[in-house]
1. Output yes when any residue across region 113-121 is of a type outside the set (Lys, Arg), more than 19 Å from residue 33 (Cα to Cα), modelled with pLDDT under 95 and not assigned by TED's automatic domain parsing to the domain that holds residue 17, and no when none is.
2. Being among the hydrophobic types (A, V, I, L, M, F, W, C), surrounded by fewer than 18 Cβ atoms within 10 Å (Cβ to Cβ) and in contact with a Phe, Trp or Tyr (Cβ under 8 Å, 6 or more places away or on another chain) is the filter here, so list the residues in region 121-137 that pass it.
3. Name every residue in region 100-120 that is among the hydroxyl-bearing types (Ser, Thr, Tyr) and surrounded by fewer than 18 Cβ atoms within 10 Å (Cβ to Cβ), in order of residue number.
4. What is the number of the single condition among (1) in contact with a helix residue (DSSP H, G or I) (Cβ under 8 Å, 6 or more places away or on another chain); (2) within 18 Å of residue 109 (Cβ to Cβ) that residue 149 does not meet?
5. Which residue out of 163, 172 is closer than 25 Å to residue 67 by Cβ, part of a loop (DSSP other than H, G, I, E, B) and free of Cβ contacts under 8 Å to residues at least 60 places away in the same chain?
6. Find the residue count for region 171-182, including only residues that are closer than 18 Å to residue 106 by Cβ and in contact with a helix residue (DSSP H, G or I) (Cβ under 7 Å, 6 or more places away or on another chain).
7. Of the conditions (1) assigned to a helix (DSSP H, G or I); (2) at pLDDT below 90; (3) closer than 18 Å to residue 76 by Cβ, residue 151 clears all except one; give me its number.
8. Just to be sure I understand the filter: pairs with C-beta atoms under 6 Å, separated by 6 or more residues or on different chains, first member in region 148-159 and closer than 17 Å to residue 120 by Cα, second member at pLDDT 85 or above and surrounded by 16 or more Cβ atoms within 10 Å (Cβ to Cβ). Which pairs pass?
Amino acid sequence: MLTATERPIDRRIVRSRSAIEQALMELLVEGRLYDALTVSEVAGRAGLTRKTFYARFGSIDAVVLNMASELFESVLLTVPDEAYELPLFKGRLTHAILAELNKNLTLLEFLTTLCPGYLFLEAGRGAVASLLLSRFRCVNDLAPISDFDRDYLTHLLATTLLGTITAWASRGFEDGPDQVADFAEEMLGPICSRIFQLAE
């Protein structure tokens with residue numbers, strides 16, 4: 001018997017979720033205001049019923065949160081373990097993250113300029129907490145950190161990352177990912193030093 005994680009993915013669910021995400025992007029790119037959008041409008045553009053929309057996401061915010069979370073997850077899982085090794089130096093981690101994000105500029109622009117920033121930030125915090133800090137611990141064989149340290153590191157890293165990406169998008173992605181990574185590294189330096197102290 002297959003477990004929940006081993007069950008084959010229902011292609012209809014994947015298709016309908018993708019159609020909803022695409023419909024939302026199209027409507028916002030066409031100039032519709034996020035706060036004025038309705039589930040009926042997004043579902044109709046996707047060729048689906050409201051019932052199907054609610055079965056897949058539950059709300060328009062949930063669509064954006066899912067898109068941002070999947071982006072962060074794919075980026076952080078693609079970054080090689082070596083980039084997480086302590087001590088951090090020469091911006092290996094920030095360069096690796098920005099290089100991966102650079103492959104998704106259309107989605108980044110959509111998420112940072114047409115959607116509420118708090119959703120992008122929430123997805124970033126979740127990714128930092130569940131993936132980035134966990135990989136730091138795993139790759140460097142660190143002891144668990146306190147709730148205080150984890151919470152503050154999570155929020156500081158996510159906020160800095162969001163600010164950097166938002167600024168990059170507002171400048172039309174005209175700055176190279178290496179240039180942006182260097183700047184982000186300067187901002188993240190003290191936070192990364194804190195992570196290094198935790199390893200000692």
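The values are calculated or read from the model by the stated rules, or taken from the named source; none is laboratory data. This is a predicted model, so every value here is computed, not measured. Neighbour counts run over all protein chains shown; Cβ positions are idealised from the backbone, glycine included.
1. So the first thing to find is which residues in region 113-121 are of a type outside the set (Lys, Arg), and the list is 113-121.
Filter again for more than 19 Å from residue 33 (Cα to Cα), leaving 121.
Pick out the ones that are also modelled with pLDDT under 95 and you get 121.
Remaining after also requiring not assigned by TED's automatic domain parsing to the domain that holds residue 17: 121.
Scanning region 113-121 turns up at least one residue that is of a type outside the set (Lys, Arg), more than 19 Å from residue 33 (Cα to Cα), modelled with pLDDT under 95 and not assigned by TED's automatic domain parsing to the domain that holds residue 17.
2. 131
3. The first filter runs over region 100-120 and keeps only residues among the hydroxyl-bearing types (Ser, Thr, Tyr), leaving 106, 112-113, 118.
If the condition is that a residue be among the hydroxyl-bearing types (Ser, Thr, Tyr) and surrounded by fewer than 18 Cβ atoms within 10 Å (Cβ to Cβ), then 106, 113, 118 are the ones that fit.
4. Among (1) in contact with a helix residue (DSSP H, G or I) (Cβ under 8 Å, 6 or more places away or on another chain); (2) within 18 Å of residue 109 (Cβ to Cβ), residue 149 violates only (2).
5. Working: 163 fails: part of a loop (DSSP other than H, G, I, E, B).
Testing whether each residue is closer than 25 Å to residue 67 by Cβ, part of a loop (DSSP other than H, G, I, E, B) and free of Cβ contacts under 8 Å to residues at least 60 places away in the same chain leaves just 172.
6. So the answer is 4.
7. That leaves (3) as the condition not met.
8. 154/125; 154/128; 154/129; 157/128; 158/124; 158/125; 158/128
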